[in-house]
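What follows draws every value from the coordinates through simple rules; no lab data is involved. No experiment lies behind these values; they were computed from the predicted model shown. Here the Cβ is made from the backbone with ideal geometry for all residues, glycine too, and neighbour counts use every protein chain on show.
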Ligand code: M6R
């Protein structure tokens, strides 16, 4: 989704801003822009719809420079992706410029009022309202002190600017991460956060601003995570943080762990491919220090719940969106089977507006890679408001959801840049398996059963490595079917969520219509889609329902549909010529199958997208972190 980058310091900022915007590309965007302010030449804005190269081409026609500037990648919410709708937006006839992430829900009435007051709107965005609103308050300040120079402004601690921004923020309903620069004050950026992440990087005689830490790579590892309702007043040499309504706050400078800023492709053609191949390591990292063979259980440092509290849990709600919701479905099978606790899996976007009757023994887990998904955050807040313990299973350390939860489990999968989630999914499944083991061992699971699960988990990274050997086979299959317009993904039990996830991966990055179904359910409707150009991907490794799924396969074959089977070597023998194509994967216990079967479905989506010439890491219309409702 939208991204923000900013700089104020001793160096010219244009190259840094462009590089920072490129680092934010993975979030998804459709246009970009930057503004610089300098001591001699005032404020300059450049913006362009399309990829960042379009902006770079525009910049080449200008002589933009400055030691202060901010940049933005926009993901359209209000108004199409055009040059005019791109950020920054200028307020008050060129007095200031604003970049904004989030959504201003009351922008219409504010716009009407500002238009009536004579402000001229050029774009269809909600952000332009923020720019003119701040300008309107700033003009009142200017009327009271018309001779404010940069020097006298600095001497006042930029208080007049802060007052104008604060007064505006108090009028906004919605979410924002925003940065404001002022034409006549080339040494200060004012930033503010409510519901959309912002971090400030602290350097030596320079400060950075960004919507996530990735643009700070190489600049600094000292970082301040702004909290909701905070305003930051940022100059080259100073950082002041204040609460919008309560005044001064201490800026808590943290050191960024190096693994959170390793964002290169390590020789792979795409981040997605790199992240697929990282999975043996990311799974090791998720499990590191959490398996306790001596007690035949798992252990988590951050749940912040006592054993007594965990024993009294009578129901678990797992909530999330997209791939994280699919991981929740895997978690439902896992926790019900291993811990015998009833589980419900809820789309966060639905849960936030429902009023489910949940009793006191309910524990809620918000599952999220980014930790910033607006619907998941809102659902979690609603569950908290209802008095339930809410825990996060998240990848991004210090993210909003991780911070607001009572406790949780970090995935430690490292930054996931590809928009299509891969390694986060398998780490979520691994974390949920350990959670199910932990809760199960507090209940009916015996030490012997616990020890067996631990052994299987310990062997998992090597099994994933072995599964990755299907790469070449999957690539050939992808070439064969890349022209098809619809795919079915079918699986049962633990592999039903795996089928949903496989279909989502294909849809997201290749733009091919794909549907995931429980294999037997296919007879109740989707079978009507089957023809010689509609492949069915059967996820049927082995296990109790193997023979049943083979019957479903027969039904597809009888109707002339191509069958691709993902199965273990035993399964391959049994399936034989029934499948047109077979992808072999290693054998694992049924509860670990979604992790192993994810590998070929991720690769299949990747190679089909590649074959079709799609932009794998930045698929159209999608954002990595969906911070709007
Ligand atoms: O960051 P989150 O896990 O909360 O994101 C949830 C979904 O937006 C995300 O999983 C999305 O569906 C991915 N693009 C899937 O590949």
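What to note about this one:
- Entry note, the stretch 3-261: relative contact order of 19 percent, from Cα contacts under 8 Å with a spacing of 6+ residues.
- Crossing angle, helix 127-144 versus the chain [Cα axis fit, 0-90 degrees, rounded to tens]: 30 degrees
- In the chain, the DSSP-assigned H stretches of four residues or longer account for a calculated mean residue ellipticity at 222 nm of -11500 deg cm²/dmol, using -39500 (n - 2.57) per stretch and the full residue count as denominator.
- Distance in nm between pseudo-label sites at residue 473 and residue 295 (7 Å out along the Cβ direction from Cα): 4.1 nm
- Full-stretch length increase - residue 449, residue 485 - with 0.36 nm per residue and alpha-carbon distance subtracted: 8.5 nm
- Counting only alpha carbon atoms, the long axis of helix 374-385 and the longest principal axis of the chain meet at about 90°.
- In terms of other Cβ atoms within 10 Å, 473, 464 run from fewest to most in the order 473, 464.
- Antiparallel bridge percentage (DSSP; both residues within the chain; nearest 5): 65 percent
- Were the residues from residue 124 through residue 250 laid out at 0.36 nm apart, the gain over their Cα-Cα distance would be 41.6 nm.
- Percent of beta bridges antiparallel (DSSP, the stretch 266-445, rounded to nearest 5): 10 percent
- DSSP beta bridges fully contained in the stretch 227-354 are about 65 percent antiparallel.
- Between the Cα long axis of helix 14-24 and the first principal axis of the chain there is an angle of about 30°, rounded to the nearest 10.
- 494, 300 arranged by Cβ crowding within 10 Å, fewest neighbours leading: 300, 494
- Look at 513, 207, 100 and count the other Cβ atoms within 10 Å of each Cβ; fewest to most, that gives 513, 207, 100.
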